Amino acid sequence: MCADVFSCPVSRQIWESKYRYRDGARIHDADIADSWQRVAQAVAAVEQDPDQWAERFQALLAGFRFLPGGRILAGAGTGRSVTLANCFVMGLIEDSIDGIFDALKEGAVTMQQGGGIGYDFSTLRPAGTFARAVGNIASGPVSFMRIWDSMCATILSTGARRGAMMACLRCDHPDIERFIDAKSDPAALRHFNLSVLVSDAFMDAVERDDEWPLVFPASRLDTPTAAGSCVERSWPGFDGPIPCRITKVVPARVLWRRLTRAAFDCAEPGVLFIDRINRSNPLSYRETVFATNPCGEVPLPPYGACNLGSLNLARFVCEPFSAAARVDFDALDAASGLAVRFLDDVIDVSGYPLTAQRDRAQQSRRVGLGVTGLADALCMLGLGYDSQAARVQAADIMRVISRAAYRASIELAREKGSFPQFDGALHAGGEFLASMPPDIVEGLQTAGLRNSHLLAIAPTGSISLLANNVSSGIEPVFGLTARRRILQQDGEYATHAVEDYAWARWRDAHPDAPPPAFFTTARDITPRGQLAMQAAVQPFVDQAISKTVSVAEDFPSEEFQELYRQAYRLGLKGCTSYRPNPVTGAILSTPDDRHGAAIHCCDIEREAD
C-alpha cells in the first residue's frame, strides 16, 4: 500500500474522483500504485518486451515524477470506450446546415469519449448575408457556437470533468466584432474558450494605424459581384489565395482596442498569432493549422489530436532549499527520453472517436511532452520566479528536455520507423530545428524521426493537484495557501483549502520562519514578468505554451492592451490573460479574496486534464 504518497487530502480526493479505476462499487485500484501499474502495463502492451517497458514506465510514474494527461490516467487499462488523447481539433465546418450539424455530431461523439474539441468557425458566412439556396439570411458563426455550447453542457452534465472547447475566428472575418464581444454576457458560451486568429498583417496594421478590411470568400457570398471590392486571401477550405470580398473596413487599432478591452473585462478572447504558428510548425510542409486544442498549447490541423504528459520538475531538485540545491539534469534527461517512448506508445494504445482522428494521429505521431511544477522547483532552488536567474534556469531545463526528447525520437525511429509523413530534408530545414545541435539534425536526416512534434507545455490543473498541489505548468505559485473549487463526481463543486507543495515542504522544515523572498506568488509578479518567463522557454518548445497571464483587478486598461502587443514582439505564439472580474469570478482564491467563484472554462486554472 502507498497511502502516505498523498501529503494533502485534496490530492487523494482528486485521485478518487478522477483517476481511480472502479466499476460502480467494485474497486480495481486499491491504491495509486495500482493506478500507475495499470497505466504502465496498458501503455507497454504494444512493445515487443511489454514486461520490461511496463516496469520502466511504472518507475517513471511513481512518486509523480511524470504525469500523463488525465485521459491516460483515467482510461488506460480500463477497457472502456474512451480516448486517451486529451483534446482534438475537429474538421473544417462546411458552410451549410448539413455540414454544420455533421460537425456538431462529430464533436459530440468526441466529447462523449473524453476528448476536448477545438474549431475554426471562420468557414461560416457572416451574419446578415443572403443564402440564396434557401432564401433566408445567415445567422453567423457566433449563433451556431451556441448550439455547440448547449451540446457540451448536455454531454458533460454530470461527472468530474469539465467540458473543454475552443472556438477560433480569423481577425479579418466580418463577424469578428460579434465574436470579440460574445463573452460579455455572463451566461453566454460558458463551455467555450475563445481565441482570435491574429495575422502578422493585422499586427502590422495596428502598428501603422492602418485601416483593416473584413472579408469573406467571394464565391461563398450570394451577392452581386459589384457589391464590394475584392482582395486575395488564403482561407480555410481552399488551396492557395482566393478572391475575398471586402464587407467592411475598420481602423485596425480600434479593432485591437475592442479585443483587448473584452479580454480586460471578461478574460476573453485570447489571441493566437496564427502566421507565427504556421511558420514555425515543423510539419508545415504537410499541413496548415487553423485552430488549437482548448487550452492553446497544441496547434493542430483538422482532426489532429494532442497526446500530453508533463515532467514534474519539483521531483528533479536535489537538496532543496539549501546552498547545494540543484536540478538533477541527468535524471531529467533520462526521464524525458522515457516519457517520449511512453507517449509514442499511447498513440497505438488509444482509441479514437473518429477514423479521421486515428489516421491523423498515426500519420504524424505527434506528442506533447511538457513540464509542471516549474515555480515550485524555482523556489526549491532559491530563485524568485520573476528574476533573470529563474528565467535562465527555466530555459536550461527546457533545453535539456527538448534535446533529450528529439534524441529519443530519433532512436525510436531507428527501432520502429519514422512517422509516415516524415521528409528528412524538409523537416531538418524547419525553423525550430535550426536551433538544435548538429548531432540531432544529422541523426534526424540519417535515422529519421518517430514523432513530428514532441514538446508542448499544457495547463495541468488536476494532475498537478494530484501530485500534492505542485504549481501548475509554468505558472507562478498562485498562493502559498488558497481555496480551490473542485468539480466532484456528482457534477457539483466543493471548496477545498490547498497549500502549495514547495511551501508545505519549507514550512515543515522551518515551522516558525517567515516565507523567504523567493516565495513569490502570482500577485507579486508583473504581467510583463510572466510574459518574460513564457518567452524564455518558448524557443525550446516546438508546439506552444498554455500560460495565463495573471493580471490584478486594478491593472490599468491602457497598459493591458500593450501587454498583448508585447507578447507578439517577444515571439510568443499566443497570449491569454486572467483578471478577476464580475463576469468570470475565479476558481482559485486566497483567503482575502472578495469575488465570487462563477465557474468559467478559461480561468487561471485552465486544464487539459
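Just so it is clear, none of the values below were taken in a lab; they were calculated from the coordinates. Model, not experiment: these values are computed from the prediction. Please note: Cβ atoms are built from the backbone with ideal geometry, for glycine as well, and neighbour counts cover all protein chains shown.
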The chain - mean residue ellipticity at 222 nm from DSSP helices (-39,500 (n - 2.57) per run, n ≥ 4, rounded to 500): -11500 deg cm²/dmol
For the chain, with only Lys/Arg (+1) and Asp/Glu (-1) charged at the beta-carbon, what is the dipole magnitude about the Cα centre, in debye rounded to 20? 580
Tell me the label-point distance for the pair Ala323, Ala201, using the 7 Å Cα-to-Cβ offset, in nm and rounded to one decimal. 6.1
Distance (nanometres) between label positions extended 7 Å along Cα→Cβ at Ala497 and Ser435: 4.3
Can you list the HN-Hα couplings for the range 44-60, worked out from phi with the Karplus curve (6.51, -1.76, 1.60; θ = phi - 60°), rounded to whole Hz and with x for Gly and Pro? 6, 4, 8, 7, 5, 10, x, 5, 4, 6, 4, 5, 5, 5, 5, 5, 5
Can you sort Asp328, Asp204 by how many other beta carbons sit within 10 Å, fewest first? Asp204, Asp328
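Most exposed first by the Cβ proxy, i.e. fewest other Cβ within 10 Å, how do Met165, Met203 rank?
Met203, Met165
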In which sequence would Ser577, Ser17 go, from the one with the fewest C-beta neighbours within 10 Å to the one with the most? Ser17, Ser577
For the chain, what D do you get in µm² per second when you plug the Kirkwood radius from alpha-carbon pairs into Stokes-Einstein at 10 °C and 1.306 mPa s? 65
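Arg399 to Gln112: extension gain in nm, 0.36 nm per residue of separation minus the Cα-Cα distance?
Result for the pair: 99.6 nm of gain on full extension.
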Degrees, to the nearest 10: 97-112 long Cα axis against longest axis of the chain: 10
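Between His28 and Ser96, take the C-beta separation as r, use R0 = 51 Å, and let me know the FRET efficiency to the nearest 0.05.
Given R0 = 51 Å and the Cβ-Cβ separation, E is 0.65.
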Name the residues whose placed amide hydrogens come within less than 5 Å of the amide hydrogen of Met166, ignoring near sequence neighbours (fewer than 5 apart) on the same chain. Ile117, Gly118, Tyr119, Asn193
Any chance you could tell me what percent of the C-alpha pair distances in the range 411-524 go past 22 Å? 57
Based on the mean of other Cβ atoms within 10 Å per residue, sort peptides 406-415, 189-198, 506-515 so the most packed one is first. 189-198, 406-415, 506-515
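Given a Förster distance of 60 Å, report the FRET efficiency between Ser557 and Asp330 from their Cβ-Cβ distance, rounded to the nearest 0.05.
Calculated value: 0.80.
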Packing-ranked peptide list from 314-320, 340-346, highest mean Cβ count within 10 angstrom first, is 340-346, 314-320
Using only Cα atoms, find the angle between the long axis of helix 141-155 and the longest principal axis of the chain, and express it within 0 to 90 degrees, rounded to the nearest 10. 40
FRET efficiency estimate (nearest 0.05) - Cβ-Cβ, Phe130 to Val392, R0 51 angstrom: 0.30
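Can you tell me what the convex hull of the Cα atoms of the range 87-279 projects to on average, as an area in nm²?
The Cα convex hull of the range 87-279, projected and averaged over all directions, gives 11.5 nm².
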Using mean Cβ contacts within 10 Å as the protection proxy, how do 7-13, 88-94 order, highest first? 88-94, 7-13
With label points set 7 Å from each Cα along the Cα-to-Cβ direction at Asp210 and Asp423, the distance between them in nm comes to 3.0
